[in-house]
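**Student:** Dropping a structure here in structure tokens format, bear with me for questions.
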């Protein structure tokens, strides 16, 4: 778990105050995750709030605050009854696993204490994600008509999803680091992907004015890397 970053402490305090006013004693915990926790100061504050019960009037009360939250740099929080959260760990192992990987406790007790995501559930979800990413790239290329600008947009737009997939694969190997880039790199190494191809694609997540490589020319190597990744996850054996 990561310590609170002082730059977004005020936004976190506002969210905790607002949710506390709505749920009162039913508010169990709030954790922040996402871009802010990973060091992107321009990202909105994302949060998961666990409550003992959740009603339609609760949602309505939260809905009335979304305008203020957005203006304050706060994304609409993910609000779940605690029991529902724990019962759905097998359904959303990737999504919850990413929150567990890097989060900051904002309010209450750590909701992830004692939480275990099944390696089998994680592997199945990784396989689905990898094969979906592969299908998306192949279909996207066909839809592009082979035109370089369209292929470049396809590669660049898919880079964040590729990075997330690598972090999820890294967790299959037991990677525990909260450092976003290190977790991504470890996933790539576990799958045996070419470092130059991975670096070029990851660079497209945050492109500079002068790109380090031509995304369209990168497509064949990128596609081959995703094909290998899908095959590795398909054959992965959970110990």
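**Student:** Check whether at least one residue in the range 175-184 is at pLDDT 90 or above, within 25 Å of residue 38 (Cβ to Cβ) and under 13 Å from the mean Cα position of the chain (by Cα), and report yes or no.
**Tutor:** Here is the first cut: in the range 175-184, the residues at pLDDT 90 or above are 184.
Narrowing further to those that are within 25 Å of residue 38 (Cβ to Cβ): 184.
Retained after the next criterion (residues that are under 13 Å from the mean Cα position of the chain (by Cα)): 184.
So far as the range 175-184 goes, yes, one or more of its residues are at pLDDT 90 or above, within 25 Å of residue 38 (Cβ to Cβ) and under 13 Å from the mean Cα position of the chain (by Cα).
**Student:** Could you count how many residues in the range 205-227 are under 22 Å from the mean Cα position of the chain (by Cα) and modelled with pLDDT of 90 or more?
**Tutor:** Residues flagged as under 22 Å from the mean Cα position of the chain (by Cα) and modelled with pLDDT of 90 or more within the range 205-227 amount to 5.
**Student:** Here is a check on your reading of the model: is residue 37 modelled with pLDDT of 90 or more, in the same structural domain as residue 16 (by TED's automatic domain parsing) and in contact with a strand residue (DSSP E or B) (Cβ under 6 Å, 6 or more places away or on another chain)? Step through it out loud before you land on a result.
**Tutor:** Values: modelled with pLDDT of 90 or more: no; in the same structural domain as residue 16 (by TED's automatic domain parsing): yes; in contact with a strand residue (DSSP E or B) (Cβ under 6 Å, 6 or more places away or on another chain): yes.
Against the criterion (modelled with pLDDT of 90 or more, in the same structural domain as residue 16 (by TED's automatic domain parsing) and in contact with a strand residue (DSSP E or B) (Cβ under 6 Å, 6 or more places away or on another chain)), residue 37 does not qualify.
**Student:** Looking at (1) on the phi < 0 side of the Ramachandran plot; (2) over 19 Å from the mean Cα position of the chain (by Cα); (3) part of a helix (DSSP H, G or I), can you tell me which one residue 86 breaks?
**Tutor:** (2)
**Student:** So, in the range 89-114, exactly how many residues are over 26 Å from residue 22 (Cα atoms), touching a strand residue (DSSP E or B) at 6+ places or on another chain (Cβ under 8 Å) and part of a helix (DSSP H, G or I)?
**Tutor:** 1
**Student:** Of all residues in the range 161-189, count the ones that are in a helix (DSSP H, G or I), over 24 Å from residue 217 (Cα atoms) and touching a residue at least 24 places away in the same chain (Cβ under 8 Å).
**Tutor:** 7
**Student:** Out of the range 115-160, which residues are outside any helix (DSSP H, G or I) and surrounded by 15 or more Cβ atoms within 10 Å (Cβ to Cβ)?
**Tutor:** 117
**Student:** Tell me the helices (runs of 4 or more DSSP H) entirely within the range 1-75 that contain at least 1 residues that are in contact (Cβ under 8 Å) with a residue 40 or more places away in the chain and closer than 28 Å to residue 164 by Cα.
**Tutor:** Fully inside the range 1-75 and qualifying: 9-23, 66-71.
**Student:** Would you tally the residues in the range 32-47 being buried (at least 18 other Cβ atoms within 10 Å of the Cβ) and farther than 16 Å from residue 178 by Cβ?
**Tutor:** Residues meeting the conditions: 3.
**Student:** Could you tell me whether the range 86-93 includes any residue that is assigned by TED's automatic domain parsing to the domain that holds residue 58, within 30 Å of residue 59 (Cβ to Cβ), touching a helix residue (DSSP H, G or I) at 6+ places or on another chain (Cβ under 7 Å) and buried (at least 20 other Cβ atoms within 10 Å of the Cβ)?
**Tutor:** yes
The values are calculated or read from the model by the stated rules, or taken from the named source; none is laboratory data. Since the model is a prediction, treat every value here as computed from it, not as a measurement. Note: ideal-geometry Cβ built from the backbone for every residue, glycine included; neighbour counts use all protein chains shown.
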